[in-house]
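Note sheet for the following structure.
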Amino acid sequence: MDLTLNSAVMGVELSGIRQFTMLAKSTPGACLLTIGEPDLNTPDIVKNAAKKALDDNDTHYPPGNGYPYMLQAICDFEAKRHNLHYNPDEVILTIGATEGLFTTLFAILNPGDEVIIPTPAFSLYESITQLCRGVPVALPTEKNHFQISKEALEAAITPKTKAIILTSPNNPTGCIYTKETLKGIHEVLKDKPIFVMCDEVYREFVYTDNFKCFSDYQDMHDRIIVIQSFSKPYAMTGWRVGYLLADAKLRDRIQIMHQYDVVSAPSFYQPACTAALASDTTAAREIYRGRKEYVYDRLIKMGLDVQEPEGAFYMFINIEKFGMDSLTFCTRMLKEGLVGLVPGCYFGTEGYMRLSYCYSDADLKEGLDRIEKFIKSL
Ligand code: PLP
């Protein structure tokens, strides 16, 4: 029978990163540095809180946006840790940052509205924008040390621009936006009817004291949406839980989508998430900082061109000098050198590959030895 499906769904493919990772995983003997998730485990204090909640039969429908104590814990955490001030009626506990991104874009976009996505970027932004019938507009940053210039931003804005997504620290570059960059973005956007979605899922993994987020510009409180996640800081990727922060009036509309799509985040997670917010992430951050220094040093000694990251757990390595597109390069490196990195094309930027250092010291050493051997063989 000739049945048609939603054209937006038909227009989007499965994640290229996942497909490449599957290829890498099925390559016998390959050492993978592809995955963007902590190799550490969820802290016991968090797991125990969920176990206790189950034993206490906290297994019924919770309030749609989260239990009041959960929303308050998020507000307290953001105020204390980041000096970011939101009220409980400005929070939604979501199914990971991914639902936060989807729910927000669905709530704010009309068909044909444009979303500016500085590239390289987390590939979900483009797909989710298309699924919400918006139009992704890439704003390339690789020629500007992965910073957004005022001129480039102004040139990307049209009467159809509805939102911009800012990711700092960034996936895949690990770079953070400088204060000058943020000031420039603020000057361009402060009087414009454009939403600013601040994806801050790597905010706990910053390796400099000189860090500021765009969400700090609270004069734009009515247009800023902060997207957060428990996945990375507390090694909780499989739990699928995050939150978003938005001005109460806007949050009230975003919650419509959230309630009809997922109803709520799971009830018995919420004591666990509260315990996570109260836990100390310093030890994890220091582990990643040590790995970053080791990996950066090795890549530079190999003669590779990479900008030293100041956050997250990725490095975006320039491979233009090898004269191959990133998919060809990474596929050859996987097959011939038995080491897997993610091609830059999956982040919207050719000529690069992403290394994740969410791996043990031994795996990182092995992976880097193999990269070195492979590039010497070219
Ligand atoms: N935002 C960025 C920048 C990410 O890198 C990721 C995951 O890799 C997400 C959002 C999704 O996070 P979650 O696991 O909370 O859905």
Exercise for the section: Determine which member of the set LEU153, LEU166 is within 11 Å of the ligand (Cβ to nearest atom) and either at pLDDT 95 or above or part of a loop (DSSP other than H, G, I, E, B) (or both). Expected result: LEU166
Exercise for the section: For the range 150-169, enumerate the residues that are free of Cβ contacts under 8 Å to residues at least 40 places away in the same chain and surrounded by 17 or more Cβ atoms within 10 Å (Cβ to Cβ). Expected result: ALA152, LEU153
Exercise for the section: Within the range 89-107, identify whether any single residue is surrounded by fewer than 23 Cβ atoms within 10 Å (Cβ to Cβ), over 25 Å from PRO266 (Cα atoms), among the β-branched types (Val, Ile, Thr) and at pLDDT 95 or above, and answer yes or no. Expected result: no
Practice task
Count, please, the residues in the range 190-222 that happen to be closer than 19 Å to LYS249 by Cβ and surrounded by 16 or more Cβ atoms within 10 Å (Cβ to Cβ).
Solution key: 9
Exercise for the section: May I ask you to list the residues in the range 113-131 that are part of a helix (DSSP H, G or I), in contact with a strand residue (DSSP E or B) (Cβ under 9 Å, 6 or more places away or on another chain) and either away from the ligand (no atom under 13 Å from the Cβ) or on the phi > 0 side of the Ramachandran plot (or both)? Expected result: THR129, GLN130
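Being assigned by TED's automatic domain parsing to the domain that holds ILE117 and away from the ligand (no atom under 14 Å from the Cβ): is that true of ASP199 here?
Details: assigned by TED's automatic domain parsing to the domain that holds ILE117: yes; away from the ligand (no atom under 14 Å from the Cβ): no.
Judged against the criteria, ASP199 is not a match.
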Exercise for the section: Test PHE205 against the stated conditions and say whether it is under 28 Å from ILE317 (Cβ atoms) and in contact with a His (Cβ under 8 Å, 6 or more places away or on another chain). Expected result: no
Handout entry: Residues satisfying the stated conditions in the range 302-355, i.e. surrounded by fewer than 24 Cβ atoms within 10 Å (Cβ to Cβ), over 22 Å from THR167 (Cβ atoms) and among the small types (Gly, Ala, Ser)
Key = GLY303, GLY323, GLY337
Handout entry: Pairs where the first residue, in the range 31-56, is of a type in the set (Val, Ile, Thr) and the second is more than 16 Å from the ligand (Cβ to nearest atom), C-beta under 8 Å, 6+ apart
Key = THR34/ALA24; THR34/GLY340; ILE45/ALA275; ILE45/SER279; VAL46/ALA275; VAL46/SER279
Problem - Selection from the range 212-222 of residues that are within 16 Å of GLY174 (Cα to Cα) and either away from the ligand (no atom under 16 Å from the Cβ) or in contact with a Pro (Cβ under 6 Å, 6 or more places away or on another chain) (or both) - result: LYS212
Exercise for the section: Name every residue in the range 26-42 that is surrounded by 14 or more Cβ atoms within 10 Å (Cβ to Cβ) and closer than 27 Å to ARG240 by Cα, in order of residue number. Expected result: CYS31, LEU32, LEU33, THR34, ILE35, GLY36, GLU37, PRO38, ASP39, THR42
Exercise for the section: Those residues that are in contact with a His (Cβ under 9 Å, 6 or more places away or on another chain), without any contact (Cβ under 8 Å) to a residue 24 or more places away in the chain and among the aliphatic types (A, V, I, L, M), I need them from the range 65-116; list them, please. Expected result: ALA79
Practice task
Would you point out the residue of the range 85-102, among those that are closer than 22 Å to GLN218 by Cα and touching a strand residue (DSSP E or B) at 6+ places or on another chain (Cβ under 7 Å), that is nearest to the ligand (Cβ to nearest atom)?
Solution key: ALA97
Practice task
Being buried (at least 23 other Cβ atoms within 10 Å of the Cβ) and more than 9 Å from the ligand (Cβ to nearest atom) is the filter; apply it to the range 223-238 and report the residue that is farthest from the chain's Cα centre (by Cα).
Solution key: ILE224
Fill in the blank from the handout: Note on GLU204: of the conditions (1) under 17 Å from SER168 (Cα atoms); (2) within 11 Å of the ligand (Cβ to nearest atom); (3) among the charged types (D, E, K, R), unmet is (2)
Practice task
Please indicate, with yes or no, whether at least one residue in the range 135-142 is at pLDDT 95 or above, among the aliphatic types (A, V, I, L, M), in a loop (DSSP other than H, G, I, E, B) and more than 12 Å from the ligand (Cβ to nearest atom).
Solution key: no
Completion exercise
Given (1) under 30 Å from SER356 (Cα atoms); (2) acidic (Asp, Glu); (3) over 12 Å from the mean Cα position of the chain (by Cα), GLU200 misses just (3)
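The values are calculated or read from the model by the stated rules, or taken from the named source; none is laboratory data. These numbers were taken from a predicted model, which means no experiment stands behind them. When we count neighbours, we look across all protein chains shown, and the Cβ atoms used for this are built from the backbone with ideal geometry, even at glycine.
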